[in-house]
Amino acid sequence: MTTFPVTLYSAALVLPVTAPPILDGAIAVRGEKILHVGERAWVERSLAERGVPVNHVHWDGVLTPGLVNAHTHLQYTGMAEVAQRTYQGFEDWITGFNPVYQRGHDWGADAAAGAAMLVATGTTAAADIVTDPEAAHALHDAGLRGIAYWEVMDWTNADWSAHGRAEVEAALDSLPDRPGTGLSPHAPYSLEIVPLLEIPDIVRERGRRIHIHLGESGIEREFAHEPREPWQTQGLGGFVELRQAGFGTSATDYVDHLGVLGPDCHVAHGVYMSERDRAILRARGTTVALCPRSNHIIGLDNPPVAAYLREGSPIAVGTDSLSSSPSLDLMGEVKELMRIARAQGYSGDDLAERLLTAATLGGAHAMGIDEGPHRTGYLAVGARADLAFFDVPVTTITETLTTLAEAGDGHAAATIMGGRVRHTSARFAEQTGAAA
Ligand SMILES: [Zn+2]
């Protein structure tokens, strides 16, 4: 039996993300890593010069980096019934969520089922929020990259100082080390000030990451108020008290004062963000994971996608969980972002490419996994061979990327993680002979 140390994956269109799209492109993969990316003839010639046996897999559709889901809760995969209707805002949705959550679930099995859905739709990394410890292994067990974020919520300042901090540090330290770990303080209004001040230090002293829901509730929106003493001098316990005292400070401004934001932090949703809020995020290098289908089910407004794009804000894409989203297929989210950006007046013909970049490199950057020896989210020499193939017709570059962004939902053909074939559609297996 011949062993092939190198596999050549060619496709009618290759989207490297950090280099221009390539018609009739290819990438060579050895072990877990990408050896070469470029025009197929070039990659083939350079492999021939090395004189190594090559296994050639050709696909007549599109090859992209594996998708990166920058915001989900895999353990809620068994809670799809909550998303069968629409709500009138976050407070209304939570009244639909809580009774189903409290009924009890096999969180480990549900998270594993969610991870399998990611792999089957071309996703190779995720920001997964973990609320119950049984769900903490889902990314690792599925071979996915990304970060498991332990969720922190409902702590008052007193309880946090008495025992909350110790409990949260113990929970963080007991998460599986791989692929990566962090903390997710739920939201500015569901924790008081002291935990929000201390959580960034807990993660940063360990070199971990932070992720928070921000701009998902109308209460977080900035509004004009009478000038008075700054809120910091008022002895307020938290954001809710700040609102009750009449302060119009936005939630983004508030958490920024507490030191939460930074390049090691990314936020989910970013719906209720003023121009000033968006500038704060850019200044801190904080990425926003946009989840518009979840926003719709919860009954929120659309996120300001066109503004984020025009302003050059770092964006990523997330599905959120099945308790507020119709699927974990990230391409469904990209399709919705295409529609919203156009409706908001974005007319550049780079829209599809920018949103596909957000759904890959943008998510990897949000979690810091676009750097280092196992870097992912794009196709380049030395990056991890995390790949997604899509079954869409290839014509011109712009037209094909637009088709992929608008109709890639449900059309993942194969998923490669760390150089290993982890999922194939029947058509992909038939055409290429490759099988998971
Ligand atoms: Zn969420």
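Data overview
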quantity	calculated
Residue count, the range 46-84 (criterion: basic (Lys, Arg) and modelled with pLDDT of 95 or more)	0
Members of the range 242-251 found to be assigned to a helix (DSSP H, G or I) and surrounded by 13 or more Cβ atoms within 10 Å (Cβ to Cβ), listed by number	242, 243, 251
Residue within the range 422-434 that is under 30 Å from residue 310 (Cα atoms) and open to solvent by less than 40 Å² (accessible area, probe 1.4 Å) present	no
Filtered residue count, the range 309-333, keeping only those that are surrounded by 24 or more Cβ atoms within 10 Å (Cβ to Cβ) and closer than 20 Å to residue 362 by Cα	12
Any chance residue 236 is over 19 Å from residue 71 (Cα atoms), touching a residue at least 60 places away in the same chain (Cβ under 8 Å) and outside any strand (DSSP E or B)	no
Residue check, residue 345 under 22 Å from residue 274 (Cα atoms) and either in contact with a Pro (Cβ under 6 Å, 6 or more places away or on another chain) or open to solvent by 40 Å² or more (accessible area, probe 1.4 Å) (or both)	yes
Checklist (1) open to solvent by 10 Å² or more (accessible area, probe 1.4 Å); (2) within 16 Å of the ligand (Cβ to nearest atom); (3) of a type outside the set (A, V, I, L, M) applied to residue 215, failing item	(1)
Neighbours by Cβ (under 6 Å, 6+ apart or cross-chain): first from the range 407-436, among the polar types (S, T, N, Q); second open to solvent by 30 Å² or more (accessible area, probe 1.4 Å)	415/422; 415/423; 424/435; 424/436
Extreme residue, nearest to residue 366 (Cα to Cα), among residues of the range 67-83 that are part of a helix (DSSP H, G or I) and open to solvent by less than 10 Å² (accessible area, probe 1.4 Å)	74
Scan of the range 174-199 for residues that are over 20 Å from residue 363 (Cβ atoms), within 16 Å of the ligand (Cβ to nearest atom) and in contact with a Phe, Trp or Tyr (Cβ under 7 Å, 6 or more places away or on another chain), ordered by number	188, 189, 191
Condition broken by residue 49, with the remaining ones in (1) within 15 Å of the ligand (Cβ to nearest atom); (2) surrounded by fewer than 17 Cβ atoms within 10 Å (Cβ to Cβ) satisfied	(1)
Checklist (1) over 22 Å from the mean Cα position of the chain (by Cα); (2) within 16 Å of the ligand (Cβ to nearest atom); (3) among the hydroxyl-bearing types (Ser, Thr, Tyr) applied to residue 72, failing item	(1)
Subset of the range 391-411 (residues that are of a type in the set (S, T, N, Q) and out of contact with any strand residue (DSSP E or B) (no Cβ under 8 Å at 6 or more places or on another chain))	395, 396, 398, 402, 403
Candidates 359, 388, 414, filtered to the one that is among the small types (Gly, Ala, Ser), crowded, with 23+ Cβ neighbours inside 10 Å, over 19 Å from residue 9 (Cα atoms) and touching a strand residue (DSSP E or B) at 6+ places or on another chain (Cβ under 8 Å)	359
Residue that is farthest from residue 285 (Cα to Cα) [pool: residues in the range 203-239 that are of a type in the set (Val, Ile, Thr) and under 28 Å from the mean Cα position of the chain (by Cα)]	219
Any chance residue 239 is surrounded by fewer than 14 Cβ atoms within 10 Å (Cβ to Cβ) and away from the ligand (no atom under 16 Å from the Cβ)	no
Cβ pairs under 6 Å, 6+ apart, first in the range 87-109 and closer than 20 Å to residue 293 by Cα, second of a type in the set (Ser, Thr, Tyr)	90/217; 93/87; 97/323
Count - residues of the range 252-305 that are open to solvent by less than 10 Å² (accessible area, probe 1.4 Å) and away from the ligand (no atom under 14 Å from the Cβ)	11
Test set (1) away from the ligand (no atom under 16 Å from the Cβ); (2) under 24 Å from residue 126 (Cα atoms); (3) open to solvent by 10 Å² or more (accessible area, probe 1.4 Å) - residue 202 fails condition number	(3)
Check on residue 271, under 19 Å from the mean Cα position of the chain (by Cα) and more than 25 Å from residue 350 (Cα to Cα)	no
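The values are calculated or read from the model by the stated rules, or taken from the named source; none is laboratory data. Just so you know, these numbers come straight off a predicted model, no measurement behind them. As a convention, Cβ positions derive from the backbone with ideal geometry for all residues, glycine included, and neighbour counts pool all protein chains shown. Accessible surface is based on the protein model in full, side chains and every heavy atom, while ligands, DNA and RNA are left aside. Shrake-Rupley method; radii C 1.70, N 1.55, O 1.52, S 1.80 Å.
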